[in-house]
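Accompanying notes for the structure given below.
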Amino acid sequence: MAETRQTRVLIIGSGPAGYTAGVYASRAMLNPILVQGIEPGGQLTTTTEVENWPGDSEVQGPDLMIRMQEHAKAMGTEIIGDIITDLDLSQRPFVAKGDSGTTYIAEAVILATGARAKWLGLPSEEKFKGFGVSACATCDGFFYRGQEIVVIGGGNTAVEEALFLTNFASKVTLVHRRDELRAEKILIDRLMKNPKIEPLWFHELEEVVGAENPLGVEAVRVKHTKTGAVKEIPAKGVFVAIGHAPANELVKDVLDTHMGGYVVTKPDSTETSIPGVFAAGDLTDHKYRQAVTSAGMGCMAALEAERFLAENEGAETSLPLGYGAEVAESAAE
Ligand code: FAD
Ligand code: NAP
């Protein structure tokens with residue numbers, strides 16, 4: 001039988017924002033449920049060294065996220081491996097449906113669904129995804145031992161991916177559409193000093209070129225952004241690192257968004273346009289998009305949810321039909 005779970009606070013997402021919200025909501029005795037989504041631990045599980053998490057001069061991203069998960073759990077957060085596929089915010093309590101078939105009924109919701117890698121949208125990129133085209137160097141870099149690789153982009157992700165890929169590749173070409181990187185200076189410095197990396201300025205990817213049988217990348221065709229001149233660079237792997245877009249699918253039609261889909265929150269707050277719904281982390285942050293800022297917003301969201309629930313005790317609208325019996329059942333567990 002499909003299960004129904006009731007909670008005071010439902011946290012959707014298991015990145016730094018979600019787990020920090022879990023720690024704070026648990027300590028406020030709200031018994032939160034946290035649903036992890038398709039990527040338990042979030043974006044930091046796709047990287048290696050993290051050097052700007054306070055208290056750790058260097059920590060592996062996946063290890064840090066396991067520690068955050070354990071911390072939230074130890075404080076009392078119930079962590080569930082499920083994906084929310086539908087979220088009804090039209091009345092309180094709010095109702096979320098999980099891919100597992102479970103229904104979650106919550107008096108307050110903290111959205112911490114983060115961001116996902118952007119793609120260029122080229123047909124050839126789509127064709128070779130998983131067959132030489134990737135957006136995750138830590139996941140797929142290992143397959144390119146001794147091969148030539150191309151990385152597209154000029155931000156922190158592109159530079160970090162290029163540096164990481166030198167562990168495997170014979171050569172990494174960083175293709176960027178300008179001649180200036182937006183990555184942090186310390187990373188640019190490492191990039192410029194690495195003999196295996198060659199930046200290719202003022203170029204854009206035009207096409208991924210490869211073999212049909214078996215499907216696999218052999219080169220990229222790139223175009224000069226000023227002269228329009230086209231050339232081919234041999235490559236077995238293409239890593240697209242052109243930024244991230246907010247994972248707003250659950251709420252983009254019901255909450256206010258801006259700047260390309262980021263959920264709008266009130267100034268100095270995680271409150272969204274619906275009372276009782278809070279948003280934290282990369283889902284709402286078009287500016288900083290860091291682990292530490294996401295964690296900070298997770299803390300704010302939990303504290304604001306606690307205050308909201310205290311001020312609105314007993315103010316829920318009617319419960320959904322058929323909900324009472326199942327809740328009584330799960331409450332008795
Ligand atoms: P995310 O980490 O994006 O997590 C989102 C969570 O939401 C995931 O767990 C996902 O499964 C879940 N989710 C999404 N949709 C659903 C759904 N429908 N149902 C349930 N759950 C859902 N920042 C730094 O400060 N330092 C670094 O060194 C650093 N390195 C990085 C390296 C890379 C390669 C990348 C991509 C990012 C890096 N960042 C770094 C940025 C940092 O990872 C993000 O700012 C941070 O992870 C955002 O945290 P978040 O909690 O908002 O969301
Ligand atoms: P980003 O900072 O938005 O950079 C995206 C890069 O891709 C830019 O250089 C951009 O070029 C380029 N680009 C965008 N669209 C393109 C297109 N259609 N064609 C070609 N190039 C394109 O994204 P990010 O590097 O993924 O970083 C996202 C956030 O995570 C940032 O806040 C970053 O600081 C954070 N992060 C932090 C760390 C760290 O702290 N070590 C590591 C990784 C990520 P232009 O420069 O010309 O716009």
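The table that follows gives values for the structure above.
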quantity	calculated
Conditions (1) within 16 Å of ligand 2 (Cβ to nearest atom); (2) touching a Lys or Arg at 6+ places or on another chain (Cβ under 9 Å): number failed by Ala295	(2)
Every residue from the stretch 288-305 that is open to solvent by 70 Å² or more (accessible area, probe 1.4 Å) and more than 7 Å from ligand 1 (Cβ to nearest atom)	Tyr288, Leu303
Identity of the residue in the stretch 217-234, under 24 Å from Thr157 (Cβ atoms) and away from ligand 2 (no atom under 16 Å from the Cβ), that ends up surrounded by the most Cβ atoms within 10 Å (Cβ to Cβ)	Val217
Some residue of the stretch 237-252 being in the same structural domain as Thr157 (by TED's automatic domain parsing), open to solvent by 70 Å² or more (accessible area, probe 1.4 Å) and either over 17 Å from Gly153 (Cβ atoms) or of a type outside the set (D, E, K, R) (or both)	no
All strands (runs of 3 or more DSSP E) inside the stretch 75-165 with 2 or more residues being farther than 22 Å from Asp285 by Cβ and more than 10 Å from ligand 1 (Cβ to nearest atom)	78-80, 94-98, 103-111, 148-152
Considering residues of the stretch 98-154 that are within 14 Å of ligand 2 (Cβ to nearest atom) and touching a Ser or Thr at 6+ places or on another chain (Cβ under 6 Å) only, the residue modelled with the lowest pLDDT	Thr138
Close pairs from the stretch 280-308: first closer than 15 Å to Met259 by Cβ and of a type in the set (S, T, N, Q), partner within 15 Å of ligand 2 (Cβ to nearest atom) and outside any helix (DSSP H, G or I), Cβ under 9 Å, at least 6 apart	Thr284/Pro246; Thr284/Tyr262
Output for the stretch 30-55, where each listed residue is among the hydrophobic types (A, V, I, L, M, F, W, C) and in contact with a strand residue (DSSP E or B) (Cβ under 9 Å, 6 or more places away or on another chain)	Leu30, Ile33, Leu34, Val35, Leu44, Val50, Trp53
Within the stretch 196-281, strands (runs of 3 or more DSSP E) holding 2 or more residues that are more than 21 Å from Ala17 (Cα to Cα)	197-200, 203-211, 216-224, 230-234, 237-240
Positions within the stretch 1-60 being within 16 Å of ligand 2 (Cβ to nearest atom) and in a strand (DSSP E or B), in sequence order	Glu49, Val50, Trp53, Asp56, Val59, Gln60
The lone exception for Glu39 - which of (1) charged (D, E, K, R); (2) more than 6 Å from ligand 1 (Cβ to nearest atom); (3) surrounded by fewer than 20 Cβ atoms within 10 Å (Cβ to Cβ); (4) modelled with pLDDT of 95 or more it fails	(2)
Residue in the stretch 172-180 that is open to solvent by less than 70 Å² (accessible area, probe 1.4 Å), modelled with pLDDT of 95 or more and more than 24 Å from the chain's Cα centre (by Cα) present	yes
Among (1) assigned to a loop (DSSP other than H, G, I, E, B); (2) modelled with pLDDT under 95 - the single one Glu329 does not satisfy	(1)
Out of Arg289, Arg307, sole residue that is at pLDDT 80 or above and either within 30 Å of Ser57 (Cβ to Cβ) or among the aliphatic types (A, V, I, L, M) (or both)	Arg289
Contacts under 7 angstrom Cβ, first residue in the stretch 180-198 being acidic (Asp, Glu), partner surrounded by fewer than 16 Cβ atoms within 10 Å (Cβ to Cβ), 6 or more apart	none
Unique match (being at positive phi, surrounded by fewer than 18 Cβ atoms within 10 Å (Cβ to Cβ) and not assigned by TED's automatic domain parsing to the domain that holds Glu313) among Gly130, Gly101	Gly130
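The values are calculated or read from the model by the stated rules, or taken from the named source; none is laboratory data. Just so it is clear, the structure is predicted and the values come from calculations on it, not from any experiment. Glycine also receives a Cβ, built like all others from the backbone with ideal geometry; neighbour counts cover every protein chain displayed. Only protein heavy atoms, including side chains, enter the accessible area calculation; ligands, DNA and RNA are left aside. Shrake-Rupley method; radii C 1.70, N 1.55, O 1.52, S 1.80 Å.
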